[in-house]
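Engineer: One structure, as structure tokens, below. Some questions next.
The values are calculated or read from the model by the stated rules, or taken from the named source; none is laboratory data. Not measured: the values here are computed from a predicted model. For neighbour counting, all protein chains shown are included, and Cβ atoms are generated from backbone atoms with ideal geometry for every residue, glycine included.
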Amino acid sequence: MTDLAPEAPAAAMGTVHDLEEHRARTGGTPVNLTKPDPAPPPADAETGPQTTPEGDAAPPDGAGPSSASVWRRTARLTRTVVTHERTRKAARLAARHGSYVGGGAVVLARRAWDGRTTAVHQRMIASAAAAGQIEAVAEWQDKADRFRQARHARRMALITGIPAMAKGTLIGAGVLEGALLALGIAMALSDGGQLSDVIAPTMGLIEFIHTLCVVVSVVWGPLLAAAPWLLLLALWAVGRSRGTAPAWAQPDGDGETREVVPDEGAILEALRNLGLGPMGKAVKAGWQPRWVSPTTRLGNGWHTQLQLPLGVTVEMINGKKKVLAHNLLRLPVEVWPTEPSNQPGVLDLWVADQGSLSGKVPPWPLLEGGSADYFKGVPIGVSQRGEPVFGKLMAANYMVGGIMGSGKSSLVITLLLGAMLDPLVEIEAYVMAYNVDYDPLLPRLRALVKGDEDEQIEAAVEALRGLRDEVTERGKLLEQLGGDEVRLTREIAERDPRMRPKVVVFDECHELFMHKKYGAEAEELAIKVMKKARKVGITLIWVTVSPTADSIPKDVTRNTSHRAAFAVGDHVANDGLLGTGKHKAGITATTLNPAENIGTALTVGFTKNAFELVRSYYVRKDAKTDEITPVVNRALELRDGIAPMPEAAPGEQADHLRDIADVLFESGPDGPARMRSDEVRQRLAARNPAEYRAWTASDLKQVLEPHGAAPYKSNGLMVISRDRVREALRERDADPATGGPESNAE
């Protein structure tokens, strides 16, 4: 024992040293080294309540869990299940697909309601009224009335048709009964061998009907059982296509990374998800596009060009334009896929910025001041890229169309206001309807005719007759005045008033071309004038609400240089305005909404591009604001000191008989002995439009009949004899009462 005593303190000191190091290293509290380990409690000792790892009081030995513990565990488990990600996804999935079914039912019900009632008409009336389109309101109200009448007629036909159907059923039953009776008689009168020959075809028919009934009885049960599920599937498909699910039920889209900027990646992803079989096949085969032109900023949007794979055409992509726009987070009107004329197989894609085609258009540049030049063009709007667009007048003509309230008049009025700010320009308007669109321009117009009756239609035809002769006369004058000039210039127009530029508008021109009496002649005259007018300073503007092949002759459309299609109802109207095949080529105005895109037109010929979406300027005139009258007054001031085109002097009495004689002898003394009375009137109108433009056949007869030179019929045509008119003129001038010397008509 004595040997071991000195070593104990050393061991204790080492232990203390180690603990001091641990305390210094860990910053812990002092440890009692002398306290012994606690002894385990005796087996029979009482212990306090114990706790579970979850913090709940553990039941004593032999006892079950308490009620509070069970409820807490149940609540904790329920909360875990409800808040689990899989539960949330399952709930969204159920809600989304349930919403598709309910939403599809609502969509179909709304379609049925719109088809059976005037709900669509009422919405359009409210939209037109909010936009201040009074004429559109009246037109839609008229359509609603016609719809009600047609619906009433269908219902009455159904009511009267039920007795007829019942009567037909009774007659059919009687005929069938008679046939069966005849068959029974034949069977009774025939012997065994002959009976089989008689009834063999009938028995075959009976067996066929029996087989058919068996098949129907077998199929009917499963079909009837599947019918509700097929109906649910159809409703689900409609709802899914229309996206009727609420936003919170939509999938998280973990793999969807669509961007607002349509870069190369976004465009490829949009093309892959068009639902085109050839495109999907090419993608699976590893197709990698060749970018002819990378995505670059162009105006108010983005432009790119890429070569399409084999089997995929631009026409196919245009057929999926709505899906393409959706994939690019755009409206259909904001996406324009076309094929360049010099790069077949290449997709030329322009995507507008979101919302760039809405909002206000800048004010018209000539609203506050300035003048215009017919030979340089006038500002008419801004392009989809935000660039100003000018309307060419010299060597140009226009076709403007679209449904009512889409903004046609805004473009035409802006074009005319710009034209009248050139003091040399003469303007005429023939409106085959009663409206007030052109009334504010009247002080600066040379002629304004309004109405859709035969009198106004005839006046428009007379204007075309005069233009036909005028283009011929201008061609001769241009050759004399211009020398080597191939077309009219401003210098020539200033030198000779007879060569002043002229703009002629034919609004609601479908009334003219579809007229039973004058339609064919109007078509022929319009084509003749358009082919010759471009070089001599005559601009024609055709405006229509019904651009179809029947209402607008195809040759008129073909010879039109500038075409503007506002919102149209279908591809027929679109191609009637812009040309055959334009809809399939992606140049279509069917995506324009008349309620949202008022004043926006898809144009051809306005810019160097194959097409251009143009938003026309709006020069306002209503009860509160009048921006047109100041422009017209400024145009009148610019015109002061400018000599008008030659016409009969005011108050001067025209010599009708002498003018007729001059027309008959225009071709010289060796000319034809007779001339058609219609041609005489046309030439008179060309010589003196103010005096003779409104002349009819009765006016010509009234002048010539007192002199014994009235028109007469020859070979079915009314003609005028040149010799009779010459004799009448000589007799009149030789009469002392006239006070005029004898005139030699030759």
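Engineer: Name the pairs: first residue in the stretch 541-561 and without any contact (Cβ under 8 Å) to a residue 60 or more places away in the chain, second residue of a type in the set (A, V, I, L, M, F, W, C) and part of a loop (DSSP other than H, G, I, E, B), Cβ to Cβ under 6 Å, at least 6 apart or on different chains?
Structural biologist: From the stretch 541-561, the pairs are 551/514.
Engineer: Further, regarding this structure: Is there a residue in the stretch 699-717 that is in a helix (DSSP H, G or I), modelled with pLDDT under 85 and more than 30 Å from residue 371 (Cα to Cα)?
Structural biologist: Checked the stretch 699-717: at least one residue is in a helix (DSSP H, G or I), modelled with pLDDT under 85 and more than 30 Å from residue 371 (Cα to Cα).
Engineer: Mind listing just one residue for me: the one in the stretch 415-446 that is in contact (Cβ under 8 Å) with a residue 40 or more places away in the chain, hydrophobic (A, V, I, L, M, F, W, C) and part of a loop (DSSP other than H, G, I, E, B) and, of those, nearest to residue 379 (Cα to Cα)?
Structural biologist: 421
Engineer: I'm checking my understanding of the structure. Among residues of the stretch 211-254 that are in contact with a helix residue (DSSP H, G or I) (Cβ under 8 Å, 6 or more places away or on another chain) and modelled with pLDDT of 80 or more, which one is farthest from residue 274 (Cα to Cα)?
Structural biologist: Per the stated criteria, the residue is 232.
Engineer: Is it the case, given these coordinates, that residue 334 is surrounded by 14 or more Cβ atoms within 10 Å (Cβ to Cβ), within 27 Å of the chain's Cα centre (by Cα), of a type in the set (Asp, Glu) and under 30 Å from residue 359 (Cβ atoms)?
Structural biologist: Spelling it out, residue 334 is indeed surrounded by 14 or more Cβ atoms within 10 Å (Cβ to Cβ), within 27 Å of the chain's Cα centre (by Cα), of a type in the set (Asp, Glu) and under 30 Å from residue 359 (Cβ atoms).
Engineer: Considering only residues of the stretch 687-715 that are free of Cβ contacts under 8 Å to residues at least 40 places away in the same chain and under 17 Å from residue 672 (Cβ atoms), which is surrounded by the most Cβ atoms within 10 Å (Cβ to Cβ)?
Structural biologist: Ranking the qualifying residues of the stretch 687-715, first place goes to 709.
Engineer: Which one of these is touching a residue at least 12 places away in the same chain (Cβ under 8 Å), outside any strand (DSSP E or B), more than 30 Å from residue 358 (Cβ to Cβ) and not assigned by TED's automatic domain parsing to the domain that holds residue 680: 461, 412, 449?
Structural biologist: From the options 461, 412, 449, the qualifying one is 461.
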